[in-house]
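Reviewing the structure listed below.
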């Protein structure tokens, strides 16, 4: 198996992508992110700056990892 990166995916030049990784349509992998081997990033996924993921992950469509939550009124202290 080899890497499969969709042509609409945006991967920062400083990101590191392991072997056998699938990156779906409109997915963004930000600066300094590390994606471990045998990982699948479905469509419209966002991997935030400097996020590090190990091997054998699957991130499903629309997920945002490594960025602040999008919940209005979220309190970091709780």
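Each reported figure results from applying straightforward, stated rules to the coordinates on display, with no laboratory input. The structure displayed is predicted, hence computed values, not measured ones. Cβ sites come from the backbone with ideal geometry, for glycine too, and all protein chains shown count toward neighbours.
Worth a mention:
- Members of region 40-59 found to be assigned to a strand (DSSP E or B) and crowded, with 19+ Cβ neighbours inside 10 Å, listed by number: 41, 46, 47, 53, 59
- Those residues of region 1-28 which are farther than 19 Å from residue 51 by Cα and part of a strand (DSSP E or B), in sequence order: 4
- Options 33, 37, 63: the member that is surrounded by 12 or more Cβ atoms within 10 Å (Cβ to Cβ), in contact with a strand residue (DSSP E or B) (Cβ under 6 Å, 6 or more places away or on another chain) and free of Cβ contacts under 8 Å to residues at least 60 places away in the same chain: 33
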